[in-house]
1. In the range B:147-161, is there at least one residue being polar (S, T, N, Q), in contact (Cβ under 8 Å) with a residue 60 or more places away in the chain and open to solvent by 40 Å² or more (accessible area, probe 1.4 Å)?
2. Which of (1) within 21 Å of residue A:110 (Cβ to Cβ); (2) within 14 Å of chain B (Cβ to nearest Cβ) is the odd one out, the single condition residue A:159 does not satisfy?
3. Only residues that are among the β-branched types (Val, Ile, Thr) and open to solvent by less than 70 Å² (accessible area, probe 1.4 Å): list them for the range B:259-298, please.
4. Pick from A:152, A:141: which is open to solvent by 50 Å² or more (accessible area, probe 1.4 Å), at pLDDT 90 or above and more than 14 Å from chain B (Cβ to nearest Cβ)?
5. Can you name every residue in the range B:60-82 that is open to solvent by 50 Å² or more (accessible area, probe 1.4 Å) and either more than 19 Å from residue B:38 (Cβ to Cβ) or within 14 Å of chain A (Cβ to nearest Cβ) (or both)?
6. Just give me the residues in the range B:123-143 being surrounded by fewer than 17 Cβ atoms within 10 Å (Cβ to Cβ) and either more than 27 Å from residue B:87 (Cβ to Cβ) or facing another protein chain (nearest Cβ under 10 Å) (or both), in sequence order.
7. Looking at the range B:92-116, which of the residues that are at the interface with chain A (Cβ under 8 Å from one of its Cβ atoms) and among the charged types (D, E, K, R) is surrounded by the most Cβ atoms within 10 Å (Cβ to Cβ)?
Amino acid sequence: MEQVVTTNRSWARVRRLMEKRRLVFVGGAIILVILLMAVFAGVLTDIDPNKLAVAKRLRPPSAEHIMGTDEFGRDVFSRLLYGARLSMTIGLSVVAISTVFGTLLGLVAGYYRAADNVIMRIMDGMMAFPDILLAIAMMASLGPSVANVVISLGTVCTPRVARVVRSAALTIRETEYVEAARAVGVRPGAILLKHVLPNAVSPIIVQATFTFANSVLAEASLSFLGVGVPPYVPSWGMMLSSARSYMVQASWMMIWPGLAIVVTVLGLNLLGDGLRDMLDPRLRNL
Amino acid sequence: MSQALVEVKGLVKHFPLQRRLFSTAPVAVVRAVDGVSFDIRRGETLGLVGESGCGKSTTGRMLLRLIEPTSGTMKFDGVDVAGLGPEQLRECRRNMQIVFQDPYASLNPRMTVERTVSEPLEVHGIASGEEKRRRVRELLELVGLSSYHAKRYPHEFSGGQRQRIGIARALAVNPKFVVCDEPVSALDVSIQAQVLNLLQDLQEQLGLTYLFISHNLSVIEHVSDRVAVMYLGKIVELAAKDDLYAAPKHPYTRALMSAVPVTDREQRKKRIMLEGDVPSPINPPSGCRFHTRCSMATDVCREQEPELLDVGGGHWVACHLCQ
């Protein structure tokens, strides 16, 4: 009996939360749909994304090819679904790598003054290169593969995260609650994890959503320059860059992957902003 | 067991200013605290008063080694705190705590009251589990909050309530000595009295010793047993509260006392108005630091620094004219 009551209550809470934070759920739903598209690409279409049919090149959307075909007669819809796999994998992995390492480096640099100069000068050195140039250089030495794209983009994005986290840590370490924790005798490592990190979460989440969008686009640039993933692997960025030459004749080639990137980035931003607010106790009950 | 719980001798803090790149000039230093000595007796409240920037807070924080002193010794219960290693210092912090000025900045906004107050208990392994929760409830009730406040976040409380949470956190480890760094300056006047009375009640109940820092003379008068007056990083006068308020000896103390707002017109006319501003602590005046603004200054004042000497009955003054 009591179990039922608590379940009802928690459902009521979820419903109330959904009403108050509609946008978070919209963002979450968008990301979920795209993830499902990526996972079930094989179920949603039976056309091979790499099947060439030169006779049917640049066909507008039809019953057979609902989003049309590209310059080699490949099905755009199918490539879009399989491309979601690659873009989501790259985006999420790059965000994971850059957020973990960037946060770690930033926290240490911001809190321990002695480490600051060493870490941040290295980060500055990395940031002195144009992003895409550094990524190209790394790809050239590592060789083209999805894993290497993730490694090189992850490396390129890390200094930015580190910078943002460091500046947050610098502010937080001077606050009285950190001083109070020191006065109580909390060890420096625990101060970093329990006091500094939770209060630096907002800028980290914002930076993470930003990094995701950037890495989807950066992967496109790398593929366009021929140093990204191998050309036969369908990717949104690759589709977009090859559509450039056919923009006037076959606008569908450009519209669909472009729309996919926009919608994904929008969904992530909504989700990121909402998560940031939900993690902040001051905004939680608004 | 000596009578003094805290003994401070020649405490100095110089903050170096940023050196310019490639400059060979010696780094200028801000002499925030420049040779301060005093004792705090067991169970008493020593008031530390002075205007903004005179080094009161720096002194309080150095006692807890939240700021590392440049030189000088401070003994707590006979143990030299300045010479402790990190682990011994952690252990020592069970005995001395601090209550901060700004109750809005001194609580982690992402931690519930329960986590904030129980953190000291966890760190020192004093209590865990049910025992810990019970202790947190006890502490909250001790400072006049309710146990149902435990699950709330700091932003849900008013300034006075937050200050009570800060006090509960400081008391969690059962300290002997608490530095109160302007604990009521950020509060509404109506709340100030409540918090002051709470601090006094707790002192009586728990046998606490306080260093009470404030710029507010009437607050200091209300809570202190003895009062030390600071000017530009030095103690200029130290005496029992009644002595000091009845017969201030140092010209600076007298000027400070006369600056307290009074409603009596005749009294108001007798005010000592100080000329000029407080000199820079980067380059303090030679001799007595107050001579630039003292109406009675003589040549000795300009050349020789006066020592803090007992002029009788435990009334210490650093002034050539009083000795």
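The values are calculated or read from the model by the stated rules, or taken from the named source; none is laboratory data. In this text the structure is predicted, and so the values were computed from the model without any measurement. Counting neighbours? That spans all protein chains shown, and the Cβs are built from the backbone with ideal geometry, glycine included. To get the accessible areas, we keep the full protein, side chains included, count just its heavy atoms, and leave off ligands, DNA and RNA. Shrake-Rupley method; radii C 1.70, N 1.55, O 1.52, S 1.80 Å.
1. No, the range B:147-161 contains no residue that is polar (S, T, N, Q), in contact (Cβ under 8 Å) with a residue 60 or more places away in the chain and open to solvent by 40 Å² or more (accessible area, probe 1.4 Å).
2. Only one criterion is unmet by residue A:159, namely (2).
3. Answer for the range B:259-298, where residues must be among the β-branched types (Val, Ile, Thr) and open to solvent by less than 70 Å² (accessible area, probe 1.4 Å): B:260, B:262, B:278, B:298.
4. Within the list A:152, A:141, the selection yields A:141.
5. B:68 - this is the single residue of the range B:60-82 that is open to solvent by 50 Å² or more (accessible area, probe 1.4 Å) and either more than 19 Å from residue B:38 (Cβ to Cβ) or within 14 Å of chain A (Cβ to nearest Cβ) (or both).
6. Of everything in the range B:123-143, those that are surrounded by fewer than 17 Cβ atoms within 10 Å (Cβ to Cβ) and either more than 27 Å from residue B:87 (Cβ to Cβ) or facing another protein chain (nearest Cβ under 10 Å) (or both) turn out to be B:130, B:133, B:134, B:138, B:141.
7. B:93
Yes/no matrix, rows are residues, columns are (1) outside any loop (DSSP other than H, G, I, E, B); (2) among the β-branched types (Val, Ile, Thr); (3) free of Cβ contacts under 8 Å to residues at least 40 places away in the same chain:
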| residue | (1), (2), (3) |
| --- | --- |
| A:50 | no, no, no |
| A:64 | no, no, yes |
| A:86 | yes, no, no |
| A:89 | yes, yes, no |
| A:99 | yes, yes, no |
| A:132 | yes, yes, no |
